[in-house]
1. Restricting to the stretch 45-58, name every residue that is surrounded by 16 or more Cβ atoms within 10 Å (Cβ to Cβ) and not small (Gly, Ala, Ser).
2. With respect to Ile8, is the statement that it is modelled with pLDDT of 85 or more, of a type outside the set (Phe, Trp, Tyr), open to solvent by 70 Å² or more (accessible area, probe 1.4 Å) and under 12 Å from the mean Cα position of the chain (by Cα) true?
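The values are calculated or read from the model by the stated rules, or taken from the named source; none is laboratory data. Keep in mind that what you see is a predicted model, and the values were worked out from it rather than measured. Note: ideal-geometry Cβ built from the backbone for every residue, glycine included; neighbour counts use all protein chains shown. Heads up: the accessible areas ignore ligands, DNA and RNA and are worked out on the full protein's heavy atoms, side chains in. Shrake-Rupley method; radii C 1.70, N 1.55, O 1.52, S 1.80 Å.
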Amino acid sequence: MILVEAIIVGIILLIVSTPVMGILHKLYPSDYTGCENLPSKSKSKYYFTTFIIGVLVHLICEYT
């Protein structure tokens, strides 16, 4: 059950972080150009890494 919760948290983090990065790119274009203009190969790595961070943070918080 905890793994299912962790996966859901990872998905939620991905859903929340993607638009936030887009907004930051619009507000501060010179600081966040890399976030919006990632190559297609890097985008999948970014999304996967964000998902894994959400899963790991949930598991760490659950067990501490």
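1. Across the stretch 45-58, the qualifying residues are Tyr46, Thr50, Phe51, Val55, His58.
2. No; evaluated as a whole, the condition is false for this residue.
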